[in-house]
Amino acid sequence: MLKIIKLFIVFFLVCFFVNVSFTDVNSDLKNKKQELNKLQTDISNKKAEKNKLEKEEKKVKNELQNILKSIERNEKELKDLQEKIAETEKNLQFASDSFNESDTSKQKYAKTVNEQYVAYTKMKAVSYFDYPMEFKVKQAGIKDLSKKYSVAKNKNISAQSDINKYSSAKKEYENLKSKQQTLMEKNKKLQKDKNSLLKTTAGKRLKAEQDIKELNNSEKALKALVEKLMKASQSQDKTKQGAGTGARRNDLPWPVNGKIILNYGKNKHPDYPDLGTKDALIISNGIKIKAADNSHVKSVEEGTVMFAQEFRRYGKMIIINHKDVFYSFYCQLNKILVKENQKISKQQDIAKLGKGENAVLYFEIRQSGEPENPLLWLKDKK
């Protein structure tokens, strides 16, 4: 009878541990499927962002093309105006020379006519009847000089009119030239701004495409991990990792000493701070801690290493199962010091960070597959 009881107890314990093992794997599988769904959502969002950036890039290219056409028109108009100004200056110089020449002739003829008329008047008063023919010749000479004076005067007036006309035309052309130059400067500035915007937009599009590529690779890696867990769930040889423990909220040690540079939840986008308020926010499922160069990363609690390898989106990453109570994620590592399925103790060194910008740890805590604010689990810093 005692032997039967012992066999029953052994059978019960085996069933219990097998059942717990499947519960562990199923819980882990659920978590990974949730991660996979989130990753697929991220890929969809990135593709939408890429399409939006492609449309924006096309729009900027069209605007830039219109600006280039406007600049071409400006250059042609400026060339035409410069030719008109040159022609006007040539005509203005000719009119000025004609004015100076006619003015000199007018003054010369006016002086000669005046002198001869005075002499003729004096002579006429004294001896007109003595030399009638001579007086007639002088009279004819004065009339001829008067005609030449009139011609020179008219030419002078006409030249002055031309000077006024060409001066006005030159002023008008120069005003038009000034306006075209202002428009040209404006278009050049627009061209520079659009080129800068095009470069930025194209850069964002390329980054979005790269992100999509990395997310797709991450999705493949995550799918492989899910398949691995599914196979493990179908195996009856999986052993129990350990008994469950209670949650350790606000009681866990920090994985590394340093300053938080990215908070849990909503944060300003580090790459596109100039975007609108809504678009500039990103959601972080964990925190980033800037530590000293080559800092050692420690486990916040004892547990079993589930994952310890490169995970494209997070770099080198370690996932630790803390007896099915919660999972901790350590990402952007420079060197991993543990292996998968390895049991580790609390505060054990599990990885190392790099230097400078690479001395940053991304840290997450998940419970029941859902991310939680790590600051609710870690000890308060004094």
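For the reader, a short list of remarks on this structure follows.
- Close amide H contacts of Glu302 (hydrogens built in the peptide plane, cut-off under 5 Å, sequence separation of 5 or more or a different chain): Lys346.
- Taking label points 7 Å from Cα along the Cα-to-Cβ direction, Val137 and Glu63 give a separation of 8.9 nm.
- Spin-label model, Phe94 to Arg313: label points 7 Å out along the Cα-to-beta-carbon direction sit 7.9 nm apart.
- Projected label distance in nm at Leu375 and Ser178, using a 7 Å step from Cα toward the beta-carbon: 6.0
- Whole-Hz couplings from phi, Karplus 6.51/-1.76/1.60, listed for region 293-301; x for Gly and Pro: 4, 6, 5, 8, 9, 10, 5, 7, 6
- Once the chain from Ser284 to Lys79 is taken as fully extended at 0.36 nm per residue, the excess over their C-alpha distance is 68.0 nm.
- Set Lys38/Lys343; Lys47/Lys346; Lys266/Lys298; Lys38/Lys298; Lys61/Lys171; Lys288/Lys343 screened for pairs whose C-alpha atoms are more than 31 Å apart: Lys47/Lys346; Lys61/Lys171
The numbers here are math on the coordinates, done by the rules we state, and not lab data. The model shown is predicted, which means the values in this text are computed figures rather than measured ones. Don't worry about glycine lacking a Cβ; one is built from the backbone with ideal geometry, like all the others, and counts go over all protein chains shown.
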